[in-house]
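Please read the structure below before turning to the comments.
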Amino acid sequence: MSTETRLIESTDGRGPWKRFICRVCGLIYDEAEGDIDSGLPPGTRFEDIPDDWECPICNVTKVDFDPYVPRAITDMPVSTAVRSRETGVVIVGAGAAGWAAAEAIRAHDGTLPITVVTGCSGDVYYKPELSIALTRGATPESLTRETGTEAAARLGVQLLPQTYAVGLSPNLGMLRTTRGTLRFTDLILAQGARSTAPDCLPPELVWRINDLTAWSGLYRALSTGPQRVVIVGAGMVGCELAEDLARAGHHVTLIAPDSLPMRPLLPVPAASRLAAGLKSVGVTFLGDQTVKRVARSTHGKLCVATMKGDTTAADHVIAATGLATEQRLSRSGGIAFDRGIIVDPKTMRTSAAHVYALGDCVTIGGAPCRYIEPIRGQAEAIAKAILGHEHDGYVHKTPTVRLKTRSTPIVLEGWISAYGEWRILRDDADVLLMEQWVGSERVAKLAA
Ligand SMILES: Cc1cc2nc3c(=O)[nH]c(=O)nc-3n(C[C@H](O)[C@H](O)[C@H](O)COP(=O)(O)OP(=O)(O)OC[C@H]3O[C@@H](n4cnc5c(N)ncnc54)[C@H](O)[C@@H]3O)c2cc1C
């Protein structure tokens, strides 16, 4: 939401404007700004919003929002249990996880030194918005909720932007960065995961949309008018981007190795609905195809060739082929790693004392979990552990997956098993309801 639309003072005699945070995606509804896109003008009180209003990013309703009060550092208590207040906490990464960790500590302690080291600018934005942003008419500026400098000032932390952590010695309490070595009493790794793509999708020819900087580059490249875009990979991000770009007027081809999008995660009836929805907004889906090569012609255009010998001309190619956690830091610190930084599921502590991790970079219970919903609970557990506060620990549960394709929104709850049996409860023009069973246990349910 742009700051120009924000009403400065409330005029309805019902007290100051309030903010509410979506527990699922982290969107903050600010009464002063409203949400013009969903018909809520600036000054719309949260309690006046209809119950069936949906979060513009993840489609949950009002019951999934909590009151949100940004911390003012002056009125915060001070915890005394931290080993050394002089050195303090260092956080690596300023995405949702890094900032959530800083917020959670500041909620309990106003003075503990915190340094945030990040390879990016540290600007605050909602990453889930990137795959629905063009349709919403967003710009890089409107997607930036707060600059890194503003967030750092609000939370009273030192921000080291454009700085990479490159080495770690947990025993010495030292983190090596591209701007020198930092000492820490506790370290929080919130370094996220990077887009990965096979060699046939070289980074110099192919976009990878995993942060605001990359999205902003694509936004500018697409701003000259309708273009031909090939998206490789039909997982959640590939499908959402495909619909968003197609709705924004671009000619989108979505290529995937399976016969339907989001297979094998989705059962065939749901994936078929999704395919139909994507088709209805103009996406051409090329299933059962694996990309062999992307090459640039002498005229500057791209050509995507598949193993089956088909070729598609494109102005832009986007790889939506998955994520992987960078291993270098944890390797240098001797921290246990298996597709992500292994953490204790209750404390979020890594295999090294006083080193914690959260967000996209971790592996919990043997699997990475790359969603927004768990991050706040993880951050709270880490903050309390560092500050020596009593706490029950983090309780991990599989987040609800909400596919933000407006043509076919899909909600998936539970832990999908490769061996489970999907059963249809209802399948008509309005809705598809399915459940997955493993033996006598229902493990997942789906609504499309
Ligand atoms: C297009 C898109 C749509 C999505 N939609 C949804 C959705 O609808 N619902 C949902 O739950 N999730 C969604 N996700 C996933 C969700 O956005 C992520 O789970 C979440 O944002 C991860 O936050 P993070 O802070 O762990 O990682 P990131 O946001 O990746 O942050 C990592 C940070 O670490 C920094 N960093 C990395 N390495 C280093 C280093 N060596 N030194 C210093 N800094 C470093 C980076 O600069 C960055 O600041 C989506 C993701 C994408 C890409």
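Residues that are within 16 Å of the ligand (Cβ to nearest atom), assigned to a loop (DSSP other than H, G, I, E, B) and open to solvent by 50 Å² or more (accessible area, probe 1.4 Å) do not occur anywhere in segment 303-311.
Among the residues of segment 104-112, is any within 9 Å of the ligand (Cβ to nearest atom) and closer than 16 Å to ALA151 by Cβ? No - not one qualifying residue is present in segment 104-112.
Given the criteria away from the ligand (no atom under 12 Å from the Cβ) and under 30 Å from VAL443 (Cα atoms), does LEU266 qualify? Taking the combined requirement at face value, the residue satisfies it.
Every condition in (1) away from the ligand (no atom under 14 Å from the Cβ); (2) at pLDDT below 95 is met by ARG402 except one, and the failing one is (1).
Among the conditions (1) in contact with a Lys or Arg (Cβ under 9 Å, 6 or more places away or on another chain); (2) open to solvent by 10 Å² or more (accessible area, probe 1.4 Å); (3) farther than 30 Å from VAL124 by Cβ, GLU373 misses just one, which is (3).
Within segment 34-85, restricting attention to residues that are assigned to a helix (DSSP H, G or I) and either closer than 20 Å to ILE372 by Cβ or open to solvent by less than 50 Å² (accessible area, probe 1.4 Å) (or both), the residue that is modelled with the lowest pLDDT is ASP37.
Using the structure shown, decide if GLY277 is more than 16 Å from the ligand (Cβ to nearest atom) and open to solvent by less than 20 Å² (accessible area, probe 1.4 Å).
Working: more than 16 Å from the ligand (Cβ to nearest atom): yes; open to solvent by less than 20 Å² (accessible area, probe 1.4 Å): yes.
Spelling it out, GLY277 is indeed more than 16 Å from the ligand (Cβ to nearest atom) and open to solvent by less than 20 Å² (accessible area, probe 1.4 Å).
Each residue in segment 257-288 was checked for being charged (D, E, K, R) and under 17 Å from GLU413 (Cα atoms), and 1 pass. Has segment 417-432 got any residue that is within 29 Å of LEU112 (Cβ to Cβ) and either open to solvent by 60 Å² or more (accessible area, probe 1.4 Å) or free of Cβ contacts under 8 Å to residues at least 60 places away in the same chain (or both)? No - not one qualifying residue is present in segment 417-432. One residue stands out among those in segment 354-391 that are of a type in the set (A, V, I, L, M, F, W, C) and not in a helix (DSSP H, G or I): the one that is farthest from ILE91 (Cα to Cα), which is ALA367.
Considering only segment 187-201, I want to know if a residue exists there that is closer than 15 Å to SER330 by Cα and more than 21 Å from the chain's Cα centre (by Cα). The answer is yes, given that some residue of segment 187-201 is closer than 15 Å to SER330 by Cα and more than 21 Å from the chain's Cα centre (by Cα). Among the residues of segment 385-399, those identified as open to solvent by 30 Å² or more (accessible area, probe 1.4 Å) and either of a type in the set (S, T, N, Q) or in contact (Cβ under 8 Å) with a residue 24 or more places away in the chain (or both) are ALA385, GLY388, HIS389, VAL395, HIS396, THR398.
Can you tell me which residue within segment 42-74, out of those that are over 18 Å from the mean Cα position of the chain (by Cα) and within 20 Å of THR135 (Cβ to Cβ), is farthest from the ligand (Cβ to nearest atom)?
We begin by selecting, within segment 42-74, every residue over 18 Å from the mean Cα position of the chain (by Cα); these are 42-54, 61-63, 66-74.
Restricting the remaining residues to those that are within 20 Å of THR135 (Cβ to Cβ) gives 53-54.
On the way: TRP53: 18, GLU54: 13 Å.
Checked segment 42-74; the qualifying residue farthest from the ligand (Cβ to nearest atom) is TRP53.
Filtering segment 326-353 to residues that are within 16 Å of the ligand (Cβ to nearest atom) and assigned to a strand (DSSP E or B) leaves PHE337, ILE341, ILE342.
Would you confirm, using the coordinates I've provided, whether ILE382 is in contact (Cβ under 8 Å) with a residue 60 or more places away in the chain and open to solvent by less than 70 Å² (accessible area, probe 1.4 Å)? Yes; evaluated as a whole, the condition is true for this residue. Just give me the residues in segment 261-273 being surrounded by fewer than 23 Cβ atoms within 10 Å (Cβ to Cβ) and assigned to a helix (DSSP H, G or I), in sequence order. Within segment 261-273, VAL268, PRO269, SER272, ARG273 qualify. I'd like the residue in segment 312-325 that is part of a loop (DSSP other than H, G, I, E, B) and not aliphatic (A, V, I, L, M) and, out of all such residues, is nearest to the ligand (Cβ to nearest atom). This residue is THR325. Consider ASP258 against the criteria (1) within 30 Å of ILE364 (Cα to Cα); (2) touching a residue at least 40 places away in the same chain (Cβ under 8 Å); (3) open to solvent by 50 Å² or more (accessible area, probe 1.4 Å): it satisfies all of them except one. Which criterion is unmet? Condition (2) is where ASP258 drops out.
Tallying residues that are open to solvent by less than 50 Å² (accessible area, probe 1.4 Å) and over 19 Å from VAL411 (Cβ atoms) within segment 222-241 yields 9.
Take segment 338-370 and flag every residue that is open to solvent by 50 Å² or more (accessible area, probe 1.4 Å) and touching a residue at least 60 places away in the same chain (Cβ under 8 Å). Matches in segment 338-370: ALA353, HIS354, ARG370. It is to be established whether one or more residues within segment 182-197 are more than 13 Å from the ligand (Cβ to nearest atom), closer than 25 Å to TRP215 by Cα and not β-branched (Val, Ile, Thr). Within segment 182-197, one or more residues are more than 13 Å from the ligand (Cβ to nearest atom), closer than 25 Å to TRP215 by Cα and not β-branched (Val, Ile, Thr).
The values are calculated or read from the model by the stated rules, or taken from the named source; none is laboratory data. Only a predicted model underlies this, so the values are computations on that prediction, with no experimental measurement involved. Positions of Cβ are generated from backbone atoms using ideal geometry, with glycine treated the same way; all protein chains shown enter the neighbour counts. SASA here: full protein model, heavy atoms, side chains in, ligands and nucleic acids out. Shrake-Rupley method; radii C 1.70, N 1.55, O 1.52, S 1.80 Å.
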